[in-house]
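Chemist: I am attaching a structure below and will ask some questions about it afterwards.
The values are calculated or read from the model by the stated rules, or taken from the named source; none is laboratory data. These numbers come from a predicted model, not from an experiment. Note: ideal-geometry Cβ built from the backbone for every residue, glycine included; neighbour counts use all protein chains shown. SASA here: full protein model, heavy atoms, side chains in, ligands and nucleic acids out. Shrake-Rupley method; radii C 1.70, N 1.55, O 1.52, S 1.80 Å.
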Amino acid sequence: MPKLIRQLSSKIWLDRQIAEKFGGLQADALKNFKTSENKMSVFKVDEDNKQESVIRILVALACGRQSLDKVDYALFDSNIIKKLDIQVDEIEGTTPDQTVNKLHIDLKKLSGDIICELAKSIQNSGELKRLYSKDIEKAINEGIEKKQLQVEKINSQLLSKIK
Amino acid sequence: MSPEMNNHTAAYVASNARKIYRRNAMIDAGSGTAEFEENIDFCGTCFGKDGIVHVFLVNDWIKSPPQVDIGHSKIPNIFESGPWTAKTTPTLPRIPIRSIKEKIIDRPFDSSTSDKYFLRGDLSKTIQIIFEAGKNEQFEDGMKSKFSIAIENIIKNYQDHAIEMFSEFLTSNKIDSDLLCETLRTLGNLQDDETEQIRFQILIPYLSHPSPFIRDCTGLALYDLESPNAIPYIRKAIDKEPYQSLKMDFNRIINELQEIKSAQVDQAT
């Protein structure tokens, strides 16, 4: 089953053990699922090269930031989207990595109820992970070296902080 | 250390002070949650390249004093440009900063000394305003918030005095968790060697905060601070930590700090 990736504000809000103690999905967990015009971004993970693809997506997203920071993310089966009958638009992303941009998907026409269900499903069956700022810095440098990243599209403030 | 220009913070504080004052005034004139009084005339001193930027809280002054004592100097006619403004005035003597090597608990402010009393009161009000204003902000990883810029500037200007006040403010007020996290992350991220030890001391107790979210933020702040001295404290936190994911994150942070420690040892030899 193909995997999807969603950048999170804080993975701890979706932590299963904490949720169990809390008695279910915390309202704070919804901070991870901000929408705009009832749409939300996710990325498809390249199944042939899963680990590299995940890092490349996260690094491309981090390139839009002003400074190096951790990236929390959830990796989950695309099946969840189908089960919840969520509509999708495969619209090219706007990151500095063209390959990553082709993996971008907009989940659309999202209702509040669906967001809650999606959050619950990701909490129950997704992988919640973190990439630390040093890993991101290393990967950005590699991305620039391999010409995977368009330097001019990287946030200039961030670029000035990369060693 | 030459302090960073602080017009930004002064303007930020001034504009937000106005909003907060107005908001509070609507609820209960002059005594809202921020507890500003009708005749508060001065809430902060910020050092700038061209002098000192003063932020005033002035609202419908009837008896504006022609001049105000600040430290050892007099500032003439400070209200000319109207209320709620940030003004740049000629350079005043720097208020001495005490040694950061002293422990925070060993050196409470002496309110009997006028300049320290002024500094304490001004900083307290400024910090109060920054936190009030911060409630309206949304924070994002890797993005500078106005709130964090304001905190950074205050710390760079007032160093241990500011950190002492922040510490007091954090422990004596109920702070929204997002705001507290942003504060801790800012303390960890600040590039200022002179205050590193004090920032470290403030961060450590939050490793045992009741909220796992705040414990997580504290771990991240210590990761950013890159101080291997945190290793034993994080180890203790792991022993007490009930949640597996946080234990794993703390272990990862320890590994990073150990690498830094090894590199420091290699450099020294």
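Chemist: Anything in segment B:204-242 that is within 16 Å of B:LEU179 (Cα to Cα), open to solvent by 10 Å² or more (accessible area, probe 1.4 Å) and in contact with an Asp or Glu (Cβ under 8 Å, 6 or more places away or on another chain)? List them, or say none.
Modeler: Of everything in segment B:204-242, those that are within 16 Å of B:LEU179 (Cα to Cα), open to solvent by 10 Å² or more (accessible area, probe 1.4 Å) and in contact with an Asp or Glu (Cβ under 8 Å, 6 or more places away or on another chain) turn out to be B:PRO212, B:PHE213, B:ARG215.
Chemist: Within segment B:213-231, which residues are assigned to a helix (DSSP H, G or I) and more than 9 Å from chain A (Cβ to nearest Cβ)?
Modeler: B:ILE214, B:THR218, B:GLY219, B:ALA221, B:LEU222, B:LEU225, B:PRO228, B:ASN229, B:ALA230, B:ILE231
Chemist: Right, something else. Evaluate the following for A:VAL100: is it surrounded by 18 or more Cβ atoms within 10 Å (Cβ to Cβ) and within 14 Å of chain B (Cβ to nearest Cβ)? Break it down into steps so the answer makes sense when it comes.
Modeler: Working: surrounded by 18 or more Cβ atoms within 10 Å (Cβ to Cβ): yes; within 14 Å of chain B (Cβ to nearest Cβ): no.
No: the conditions fail for A:VAL100.
Chemist: Which one is farthest from B:GLU256 (Cα to Cα), of the residues in segment A:129-138 that are within 11 Å of chain B (Cβ to nearest Cβ) and part of a helix (DSSP H, G or I)?
Modeler: For segment A:129-138, the residue satisfying everything is A:ILE136.
Chemist: Within segment A:139-163, track down each residue that is assigned to a loop (DSSP other than H, G, I, E, B) and either open to solvent by 50 Å² or more (accessible area, probe 1.4 Å) or in contact with a Pro (Cβ under 7 Å, 6 or more places away or on another chain) (or both). Working first, answer last.
Modeler: Restricting attention to segment A:139-163, the residues satisfying the condition of being assigned to a loop (DSSP other than H, G, I, E, B) are A:146-148, A:150, A:154-155, A:162-163.
Within segment A:139-163, A:LYS146, A:LYS147, A:GLN150, A:ILE154, A:LYS163 meet the criteria.
Condition check ((1) away from chain B (no Cβ under 13 Å); (2) out of contact with any Pro (no Cβ under 8 Å at 6 or more places or on another chain); (3) under 22 Å from A:SER78 (Cβ atoms)) across all residues:
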site: A:GLU92; (1), (2), (3): yes, yes, yes
site: A:PRO96; (1), (2), (3): yes, yes, no
site: A:HIS104; (1), (2), (3): yes, yes, yes
site: A:CYS116; (1), (2), (3): yes, yes, yes
site: A:ASN124; (1), (2), (3): yes, yes, yes
site: A:GLU127; (1), (2), (3): no, yes, yes
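Chemist: Okay, moving on. Can you pull out every residue in segment B:190-203 that is surrounded by fewer than 20 Cβ atoms within 10 Å (Cβ to Cβ) and either acidic (Asp, Glu) or assigned to a helix (DSSP H, G or I) (or both)?
Modeler: Of everything in segment B:190-203, those that are surrounded by fewer than 20 Cβ atoms within 10 Å (Cβ to Cβ) and either acidic (Asp, Glu) or assigned to a helix (DSSP H, G or I) (or both) turn out to be B:ASP192, B:ASP193, B:GLU194, B:GLU196, B:GLN197, B:PHE200, B:GLN201.
Chemist: In segment A:50-63, is there at least one residue being in a helix (DSSP H, G or I) and over 25 Å from A:ILE12 (Cβ atoms)?
Modeler: So the first thing to find is which residues in segment A:50-63 are in a helix (DSSP H, G or I), and the list is A:50-62.
Now narrow it down to the ones that are over 25 Å from A:ILE12 (Cβ atoms): A:52.
Yes, some residue in segment A:50-63 is in a helix (DSSP H, G or I) and over 25 Å from A:ILE12 (Cβ atoms).
Chemist: Got at least one residue in segment B:149-171 being within 14 Å of chain A (Cβ to nearest Cβ), under 29 Å from A:LEU159 (Cβ atoms), part of a helix (DSSP H, G or I) and open to solvent by 10 Å² or more (accessible area, probe 1.4 Å)?
Modeler: Taking segment B:149-171 and keeping what is within 14 Å of chain A (Cβ to nearest Cβ), we get B:149, B:152.
Pick out the ones that are also under 29 Å from A:LEU159 (Cβ atoms) and you get B:149, B:152.
Imposing the further condition that a residue be part of a helix (DSSP H, G or I) reduces the set to B:149, B:152.
Filter again for open to solvent by 10 Å² or more (accessible area, probe 1.4 Å), leaving B:149, B:152.
Yes, segment B:149-171 has at least one match.
Chemist: Moving on. Over 23 Å from A:SER36 (Cα atoms), open to solvent by 20 Å² or more (accessible area, probe 1.4 Å), in contact with a strand residue (DSSP E or B) (Cβ under 7 Å, 6 or more places away or on another chain) and not charged (D, E, K, R) - does that describe any residue in segment A:106-126?
Modeler: Yes, segment A:106-126 has at least one match.
Chemist: Which pairs have Cβ atoms under 6 Å, sit 6 or more apart or on different chains, and link a residue in segment B:232-258 that is away from chain A (no Cβ under 13 Å) to one that is not in a helix (DSSP H, G or I)?
Modeler: From residues that are away from chain A (no Cβ under 13 Å), there are no pairs.
Chemist: Of the numbered conditions (1) buried (at least 19 other Cβ atoms within 10 Å of the Cβ); (2) on the phi < 0 side of the Ramachandran plot; (3) assigned to a loop (DSSP other than H, G, I, E, B), B:GLY142 satisfies every one except a single condition; which is it?
Modeler: (2)
Chemist: Considering every residue within segment A:78-88, establish whether at least one is within 14 Å of chain B (Cβ to nearest Cβ), of a type in the set (S, T, N, Q) and under 22 Å from A:LYS129 (Cβ atoms).
Modeler: So the first thing to find is which residues in segment A:78-88 are within 14 Å of chain B (Cβ to nearest Cβ), and the list is none.
No, segment A:78-88 contains no residue that is within 14 Å of chain B (Cβ to nearest Cβ), of a type in the set (S, T, N, Q) and under 22 Å from A:LYS129 (Cβ atoms).
Chemist: If you check A:VAL59, A:VAL45, A:VAL71, which single one turns out to be open to solvent by less than 70 Å² (accessible area, probe 1.4 Å), away from every other protein chain (no Cβ under 14 Å) and touching a residue at least 24 places away in the same chain (Cβ under 8 Å)? Let's see the steps before the verdict.
Modeler: Working: A:VAL59 fails: away from every other protein chain (no Cβ under 14 Å); A:VAL71 fails: away from every other protein chain (no Cβ under 14 Å).
After ruling out the rest, the residue left standing is A:VAL45.
Chemist: With the requirement that a residue be more than 8 Å from chain B (Cβ to nearest Cβ) and either surrounded by fewer than 19 Cβ atoms within 10 Å (Cβ to Cβ) or in contact with a Gly (Cβ under 9 Å, 6 or more places away or on another chain) (or both), what does segment A:5-20 give you? Steps first, answer last, please.
Modeler: Applying the first criterion (more than 8 Å from chain B (Cβ to nearest Cβ)) to segment A:5-20 yields A:5-8, A:14, A:16, A:19-20.
If the condition is that a residue be more than 8 Å from chain B (Cβ to nearest Cβ) and either surrounded by fewer than 19 Cβ atoms within 10 Å (Cβ to Cβ) or in contact with a Gly (Cβ under 9 Å, 6 or more places away or on another chain) (or both), then A:ARG6, A:GLN7, A:LEU14, A:ARG16, A:ALA19, A:GLU20 are the ones that fit.
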